[in-house]
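S.K.: Structure provided below as structure tokens; questions to follow.
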Amino acid sequence: ARPTIAVTRWIPDEAVKVLAEAGEVKLSDADRPLTPEELREFVAGASAVVSMLHDRIDGSVAEAAGPGLKVVANVAVGYDNVDVAALAARDITVTNTPGVLTDATADLAFGLLLAVTRRLGEGERLVRARTPWSFHLGFLLGSGLQGKTLGIVGLGQIGRAVAHRAAAFGLRTVYSGRSPKPDFDGEFVSFDELLRRSDFVSLHCPLTPETRHLIDARALRAMKPGACLVNTTRGPVVDESALADALEAGEIAGAALDVFEAEPDVEPRLLGRQDVVLTPHLGSATVETRTAMAVLAARNVTSVLAGDEPLTEVRP
Ligand code: GLV
Ligand code: GLV
């Protein structure tokens with residue numbers, strides 16, 4: 001029998017076509033994340049699972065799939081939703097989608113930086129509310145980017161792409177992370193120094209036990225009072241309640257978040273604030289990028305099912 005490939009949510013047709021070369025494609029028809037119970041039921045008997053970042057893929061899901069499961073292809077660069085060790089222990093290959101979403105995510109991070117520093121959300125809401133306004137020299141002033149310092153937390157592919165854009169905008173950049181990158185022409189600093197020196201902080205580290213709540217009350221107090229925070233990685237890297245406290249106390253000036261601790265929920269105190277920009281996890285959301293992500297995930301599946309090396313494997 002042809003292997004079953006369980007796809008937990010809609011993917012572009014191009015990717016379905018690739019998968020169909022290798023097996024029977026079983027698509028979830030629920031227009032929402034499957035519950036953990038539904039997910040276990042859905043993957044039963046599958047040889048491959050194409051998963052989304054909202055699916056928790058752990059040993060119980062592998063158990064539910066059964067001994068035929070060979071590969072889990074997560075359609076995301078982040079794989080904090082996958083228990084890679086538990087799957088590796090069962091000889092299941094795990095893959096992600098690095099590279100193809102680098103520019104789209106860096107663009108969005110920059111869009112958020114511009115939105116929060118130039119008060120675009122606030123201005124847009126004002127216009128839509130038909131609030132009377134007229135141009136004047138003191139109206140809705142933001143802060144410029146040129147000559148300011150952008151702190152990049154995590155200089156992976158996306159962090160580098162953000163640095164590239166920052167240079168074009170006349171920003172200085174400093175970066176922090178586990179180790180300096182000698183091939184990168186930028187200043188490596190400790191996380192604390194980055195917080196102290198940066199006018200804007202953009203997060204590009206993966207979510208791991210070490211980076212959960214990396215931006216907590218202490219980190220927020222260490223930032224400049226005029227600083228803005230941008231998060232396009234994973235919500236739990238920021239303690240949202242501590243962020244609301246810091247904004248209320250004037251410890252930082254603004255924040256732009258594309259990701260949330262408990263998506264799709266948002267800390268209620270952030271919702272009413274004009275100095276906060278909120279977008280619904282759109283980092284990789286272009287037609288080109290989402291297609292490339294799904295096709296890469298599909299090619300990972302077809303490679304593993306054919307007995308070949310996956311293109312972009314994740315190891316524990
Ligand atoms: C999206 O958030 C991703 O990790 O690809
Ligand atoms: C992002 O942090 C990446 O390494 O692509």
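S.K.: Taking 0.36 nm per residue of sequence separation and subtracting the Cα-Cα distance, how much length would be gained by fully extending the chain between residue 315 and residue 114, in nm to one decimal?
M.R.: 68.8 nm
S.K.: Still on this model: Give, as a single signed number, the net charge of other residues whose beta carbon lies under 11 Å from the beta carbon of residue 70, with Lys and Arg counted +1 and Asp and Glu -1.
M.R.: Result for the local shell: 0.
S.K.: Less than 11 Å Cβ to Cβ from residue 248, Lys/Arg counted +1 and Asp/Glu -1: what total charge do the surrounding residues give?
M.R.: With Lys, Arg at +1 and Asp, Glu at -1, the net is -1.
S.K.: Under the rule of -39500 (n - 2.57) per DSSP H run of 4 or more residues, summed and divided by the residues of the chain, what mean residue ellipticity at 222 nm is obtained, to the nearest 500 deg cm²/dmol?
M.R.: Mean residue ellipticity, 222 nm, calculated: -10000 deg cm²/dmol.
S.K.: Which of 105, 149, 35 moves most in a GNM of the chain, Cα contacts under 10 Å?
M.R.: 35
S.K.: Roughly speaking, what % of Cα-Cα pairs in the range 102-278 are separated by over 24 Å, rounded to a whole number?
M.R.: The proportion of pairs with Cα distances above 24 Å equals 33 percent.
S.K.: Something else: Residue farthest toward the positive end of the dipole of the chain, with Cβ of Lys/Arg at +1 and Asp/Glu at -1: which of 217, 146, 5?
M.R.: Sorting the options by dipole projection puts first 146.
S.K.: To continue, here is another question. Quantify how much of the Cα-Cα distance distribution of the chain extends past 25 Å, in percent.
M.R.: Summing the P(r) of the chain above 25 Å gives 53 percent of all pairs.
S.K.: For residue 89, project a label point 7 Å along Cα to C-beta. Then give me every residue of the range 51-68 with its amide nitrogen under 17 Å of that point.
M.R.: It comes to 57-67, nothing else.
S.K.: May I pose another question? All other residues with a Cβ under 12 Å from the Cβ of residue 181 taken together, and with Lys, Arg as +1 and Asp, Glu as -1, what is their net charge?
M.R.: -1
S.K.: If you average the sequence gap of Cα pairs under 8 Å that are 6 or more apart and divide by the length of the range 102-278, what percent do you get for the contact order?
M.R.: 22
S.K.: Which one, 158, 198, 174, projects farthest toward the positive side of the charge dipole computed for the range 150-203 from Cβ point charges (K/R +1, D/E -1)?
M.R.: 158
S.K.: Would you look at the GNM of the chain, springs on alpha carbons closer than 10 Å, and say which of 288, 41, 210 moves the most?
M.R.: For the chain, modelled as a Gaussian network with Cα springs under 10 Å, the answer is 210.
S.K.: If each residue of separation counts as 0.36 nm, what is the full-extension length gain between residue 157 and residue 2 once their alpha-carbon separation is subtracted?
M.R.: Here the segment from residue 157 to residue 2 would lengthen by 52.1 nm.
S.K.: Quote the FRET efficiency, to the nearest 0.05, computed for residue 127 versus residue 271 with a Förster distance R0 of 22 Å and r equal to the Cβ-Cβ distance.
M.R.: 0.65
S.K.: Here's something else I'd like to know. Collect residues whose amide H, placed 1.01 Å from N in the peptide plane, falls under 5 Å from the amide H of residue 50; neighbours closer than 5 in sequence don't count.
M.R.: Sorted by chain and number, the residues that satisfy this are 6, 7, 8, 73.
S.K.: How big is the dipole moment of the chain about its Cα centre under a simple scheme where the beta carbon of each Lys and Arg is +1, that of each Asp and Glu is -1, and everything else is neutral? Debye, nearest 20, please.
M.R.: Dipole of the chain, to the nearest 20 debye: 840 debye.
S.K.: When the chain is treated as a GNM, springs tying every alpha-carbon pair under 10 Å, which of 129, 76, 20 comes out with the largest mean-square fluctuation?
M.R.: Sorting by GNM fluctuation, first place goes to 129.
S.K.: Pairs of Cα atoms under 8 Å, at least six residues apart: use those to get the relative contact order of the chain, whole percent.
M.R.: With pairs under 8 Å counted, the relative contact order is 20 percent.
S.K.: Under a cut-off of 26 Å between alpha-carbon atoms, report the lysines in cross-link reach of residue 70, not counting same-chain residues fewer than 8 places apart.
M.R.: Hits, sequence-local ones excluded: 17, 26.
Coordinate-derived values only; no laboratory data. These numbers come from a predicted model, not from an experiment. Here Cβ is always computed from backbone atoms with ideal geometry, including for glycine, and neighbour counts include all displayed protein chains.
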